[in-house]
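Worksheet: one structure, shown below.
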Amino acid sequence: MRGKMLVIGLDGACWDLIGEWVENGELPNIKKLRDGGCWGPLGSCIPPITCPAWHCYATGKNPGKLGVFWWEHLDLENRRVIIPNSKSFKSRKLWDYLNDARYRTGIIGMPTTYPPQKVDGFMIAGGPDCGDTGYTYPKELESWLKQEFDYKPHPQISVTDRNKRGIAIEEVHNLIAANFEVAKVLMKKNPVDFLQVTSFHINGPLQHYFYNGKPTRKAWKLIDDKIGKLVPNFEYILIMSDHGTSPMIKNFFINAWLENEEYLVTRRTFYDFLFKFGFSRDRISRLLVKLHLTRFLRRFEITQRIARQIPDQFGDLGDHAGEGTFSRINWQKTRVIGSPQGPLYINKEIIKNKAEYERLRAELINKLEKLKDPETNKNVIQKVYKREEIYHGSYAQQAPDLVALDADEYHNRGGIGKANILEKSEWKGNNARYGLFLFAGPGIRQGQYIDSVTIFDLAPTILHLMNISIPKDMDGRVIKEIFMQDSELAKREVVYQKVADKTEREKERIKMAVKRLQAGGSEL
């Protein structure tokens, strides 16, 4: 069977990073597709982060309609941290509409799809938020993956372990290859009309730590080779990313800056005692490795909970907030707290008056946008957005009050307890606003560059390609300029559908099931 559409999702990919390799022939399959297709930069959501960007792609909606804005949500009113999963996104996805139209779908490796949802086809969750088990639909697919491929959703060794870095890099390359190999076999075993293969690990362990270095370059050559072997099985091809990657030099610790400016006030706790007596996260991690306990503890998510409660070697409780982080904050005096990569939350128990709230936001915007690195005189923050400037929808009021977008070469980090506001970073690559897209197939313009496409436009365009009406509540548009002028795709009317409620969708699913049974099909 020849599938109708293949989507290759590449976390953190952008033309600024791979363009030279495409031009000099190191990535011949991507070059062939680019020469024969329509391509350009892809504007991401703000901030340009894996979570929620992948769901912005899958839904065609901004985070204000999804209810998820970053990897964590700081609920200051209840003094708790909410960690989202796939069920947190308040919208139907691209594959739901494809299934409604009786297209079978296969989704492999996309971040923020854990736990996997039921689809007509299969789903293998991926990304840093994916559990070590329970990551497939149907459930029995997991045991098959382990048996046939010794499949693992995560690297077992970190590239930060300098003593085992070579082994760790090889493991990441193998994980990247595995998703493509699984896709190739599943297309024969369980063919689908729409297949999405996503590689998160090209960005997380590689581009962040090596940017365009040898480990990243080798991974891209591997991906290009795998793309070349998968493409002939499909009519339409989309290569896309959730955001881009750019070079970086320093970390900016937003909460250290907020504390220095007296917007955030901390107090000494039990965690400072741990740090004083040498109980750092790195030391305990090394001890767990020596005792061979890391895999056992990780299976029950114990290592993550421990990591959030123990300071690192600098006394910092980490980027992600948790009970330990919140306990260090003096809430009677703290007006603002930040999460990594941009979100800023204002404490409404202190800032109750609307005028005072707006004055505080204006003050923060002014100070952050003028903030300079004293060593380079470069801006640390590119721009600070009010939430209403970048989010709209039913959940926009749950968004951070402000979002600070990194300037080039700087990475906004969270954590509590840092002494320094700016430090040299171990990362070499940071998330960037513009990723990439490349469409190829019958009726698609060839060798055409377009620079006006956003991540929200992909889902409606895919639905149009598959001749499915587009839900009216999607924020994106059909990218009609990618179609050849006289093609059927260009002439085809863009049709919109009203947004059905659960009862209407259930009725439609029952109708489809009856039709399949009448046609001699199976609902199993």
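Some notes on this structure:
- Some residue of region 206-217 being basic (Lys, Arg), under 25 Å from Pro48 (Cβ atoms) and surrounded by fewer than 20 Cβ atoms within 10 Å (Cβ to Cβ): yes
- Being outside any loop (DSSP other than H, G, I, E, B), in contact (Cβ under 8 Å) with a residue 40 or more places away in the chain and not charged (D, E, K, R) holds for only one residue in Ile468, Ile462, and it is Ile462.
- Restricting Ile237, Ile169, Ile249 to residues that are crowded, with 22+ Cβ neighbours inside 10 Å and β-branched (Val, Ile, Thr) narrows the list to Ile169.
- Helices (runs of 4 or more DSSP H) (entirely within region 1-59) containing at least 3 residues that are more than 14 Å from the chain's Cα centre (by Cα) and more than 14 Å from Leu438 (Cα to Cα): 15-23
- Subset of region 439-450 (residues that are closer than 24 Å to Thr50 by Cα and surrounded by fewer than 22 Cβ atoms within 10 Å (Cβ to Cβ)): Ile450
Yes/no matrix, rows are residues, columns are (1) more than 22 Å from Tyr345 (Cβ to Cβ); (2) without any contact (Cβ under 8 Å) to a residue 60 or more places away in the chain; (3) assigned by TED's automatic domain parsing to the domain that holds Ile479:
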position: Ser44; (1), (2), (3): no, no, yes
position: Thr50; (1), (2), (3): no, no, yes
position: Ala53; (1), (2), (3): no, no, yes
position: Trp71; (1), (2), (3): no, no, no
position: Asn78; (1), (2), (3): no, yes, no
position: Ile82; (1), (2), (3): no, yes, no
position: Asn85; (1), (2), (3): no, yes, no
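- Odd one out for Val453 among (1) among the aliphatic types (A, V, I, L, M); (2) crowded, with 23+ Cβ neighbours inside 10 Å; (3) over 24 Å from the mean Cα position of the chain (by Cα): (3)
- When the residues of region 136-165 are filtered to those that are of a type in the set (Ser, Thr, Tyr) and crowded, with 18+ Cβ neighbours inside 10 Å, the one that is nearest to Glu426 (Cα to Cα) is Tyr151.
- Selection within region 137-169: residues that are within 23 Å of the chain's Cα centre (by Cα) and in a helix (DSSP H, G or I). The member of this set that is nearest to Gly109 (Cα to Cα) is Glu142.
- Within region 221-241, the set of residues being in a helix (DSSP H, G or I) and touching a Leu at 6+ places or on another chain (Cβ under 6 Å) comprises Asp224 only.
- Residue list for region 407-441, filter: assigned to a strand (DSSP E or B) and under 30 Å from Pro232 (Cβ atoms): Tyr434, Gly435, Leu436, Phe437, Leu438, Phe439, Ala440
The values are calculated or read from the model by the stated rules, or taken from the named source; none is laboratory data. All values reported here derive from a predicted model rather than from experimental measurement. A quick note on method: Cβ atoms are made from the backbone with ideal geometry, for glycine too, and the neighbour counts reach across all protein chains shown.
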